[in-house]
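Let me begin by presenting the structure, written as structure tokens, before commenting on it.
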Amino acid sequence: MTASAPSGKRPASLLFFLVWFCIRVWMVCSCTILITHGLSQLHAGWTDGAGHPFCEDFLNLWSAGFLLLHHHLMVAYSFEAFHHFQIGIVHHSINLYHYSYPPVTALLSLPFSLLPYPLACVLWQGGGWLAFALVLRRIIPKHWGLVALAWPAVFVNTLSGQTGCWIAAIIGYALLAFHNNQKIRAGLLLSLLVAKPQLGWVVPLALLSGREWKTLFAMTAGSAGLLALSILAAGIQPWLAWHERLGILRRFILEDGSGVMQRMMSIFVLVRHAGASVDTAWLMQAAATLISVLLLMMVWNKTRNNHTPFPVKASVLILAILTATPYVSDYDCVVLAFPCVWLWPLADRWGRSILSMAALSPLMAAGIALCTGIPLAAVFLWTAYIWAIAQVTGQKIDFQSLKY
């Protein structure tokens, strides 16, 4: 008689099958939705006829690069002139899309502006996803493609035509270079985060705490070089205009934020839409930012002289990037894939539940916010961050089991 498999393995095997089945179903559904959505934006010119352009927010990035190429970047910082310019690109009326990035971002998006807008859209979306997927391939050689396609924030990012995949790829490649002792290369890659300063500003604090002088110097020099190039290309006026616009965007997007609050994932937005005043929300955000930064610096300083594995340090850094800023959106969580796949093998059932909730938050949080009026996504991010910190400070991770 053939011995039967231990009964205890059957539930685990069944659960594994169900999880991977759900992932494959989601991948098919999400790809179908994205293709359908893209085709729907071709009804009237390069728009859906209802105010939404093809590739959504990428229109801002392409337009700014094009304007910089033709020495008219200041148009990007005029709401009326920029709106009129964009209507000419998509050949139909659209909603008001504002350019909220610093001038250096136009410098980085300029190569895409050398191409016709439709082709640039395809390369932006496909190239960003591929760059992100190839980072995952180096972390999880098996199933990397499936994870990259099914990652929830990728779906949200692609719908929006946003920067999430590219930012994730920059951070991912930089951290891998750092791990391979390519400290200068890592710093130069991290300097590209000057394009989204609300996400990149905490990185130098981690490098300072870890005494990573080469990487810190390279990041500083690279950022300064990009800033200088942007001034040489467009002058100082766009920087002054961007600084002036920050106050307008702060009031419109964060302090009011009624149109986009369901996509925001910061403590400020959570507290503000829970009914608190603007001053209270900023006070709570300041406290959250301080706590996030102090925890990050503590971990990087503590792990400087011991054998804490690199993926743990890197995961804490990524989670700090997402929790320390008042301006973080669902599409920014593409980078969350890295700490989730790094820490998943080390987590118990409770830890995996926390990581899963954080991973799904870009999909779940918007629906919760629209139904309840309160954006709870920050709760999921902070729970994952505190859990990761607890693993380091409580020494609950079996470091010997972490292979990388």
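Residues of the chain were split at every exposed loop site, defined as trypsin sites (Lys or Arg not before Pro) in a DSSP loop with at most 15 other C-beta atoms within 10 angstrom, and the longest piece left, sites excluded, is 1-141. Set against the 2.2 N^0.38 Å expectation for a compact globular protein, segment 120-266 has a Cα radius of gyration ratio of 1.18. For the chain, the tally of Lys pairs with Cα-Cα distances below 21 Å comes to 11, considering only residues 8 or more apart or on different chains.
Rule-of-thumb check for segment 208-276: C-alpha Rg over 2.2 N^0.38 Å? In units of the 2.2 N^0.38 Å rule of thumb, it is 1.61. Taking all Cα-Cα distances within segment 150-216, those exceeding 20 Å account for 32%. Per residue, the chain reaches -21500 deg cm²/dmol at 222 nm when only DSSP H runs of four or more residues are counted, each adding -39500 (n - 2.57). Cysteine residues of the chain whose Cβ has no partner cysteine Cβ closer than 4.7 Å: 22, 29, 31, 165, 333, 340, 371.
Averaging over all projection directions, the Cα-based convex hull of segment 171-258 occupies 7.0 nm² in the image plane. For the chain, the mean projected area of the C-alpha convex hull, equal to one quarter of the hull surface, is 21.8 nm². Of the residues 125, 262, 391, the one that moves most in a GNM of the chain with alpha-carbon contacts below 10 Å is 391. Summarising the label geometry, the points placed 7 Å from Cα in the beta-carbon direction at residue 302 and residue 356 lie 2.8 nm from one another. In the frame of its principal axes, segment 99-138 has Cα extents of 32, 23, 15 Å, reported largest first. Rounded, prolate or oblate: pick one for segment 65-134, where a ≥ b ≥ c are the square roots of the eigenvalues of its C-alpha gyration tensor, a/c under 1.5 means rounded, and failing that, prolate if a/b is larger than b/c, else oblate. Prolate shape, in that a/c is at least 1.5 and a/b is the bigger ratio.
Using square roots of five times the C-alpha gyration tensor eigenvalues, list the equivalent-ellipsoid semi-axes of segment 84-205 in whole Å, biggest first. Kindly include the intermediate steps, with their values, before the conclusion.
Values: eigenvalues 155, 74, 30 Å².
That gives 28, 19, 12 Å for the three semi-axes.
Plainly put, segment 222-372 has a radius of gyration that is 1.03 times its Kirkwood radius, both from alpha-carbon atoms, as the Rg/Rh ratio.
Here segment 300-397 is treated as an ellipsoid with the same Cα gyration tensor; its semi-axes, largest first and in whole Å, are 25, 14, 11.
Projected onto their three principal axes, the Cα atoms of segment 258-318 cover extents of 46, 21, 11 Å, largest first. Between helix 9-40 and the chain there is an angle of about 10 degrees, using the helix long axis and the longest principal axis of the Cα atoms. Values of log10 I(q)/I(0) for segment 29-97 across q = 0.12, 0.13, 0.19, 0.22 Å⁻¹ run -0.33, -0.38, -0.71, -0.88, by the Debye formula with one identical scatterer at each alpha carbon and no solvent.
Since every read-out is calculated from the coordinates, none of them should be taken as a lab result. Treat the numbers as computed from the prediction; the structure is a model and nothing was measured. Cβ: placed from backbone, ideal geometry, glycine included. Neighbour counts: every protein chain shown.
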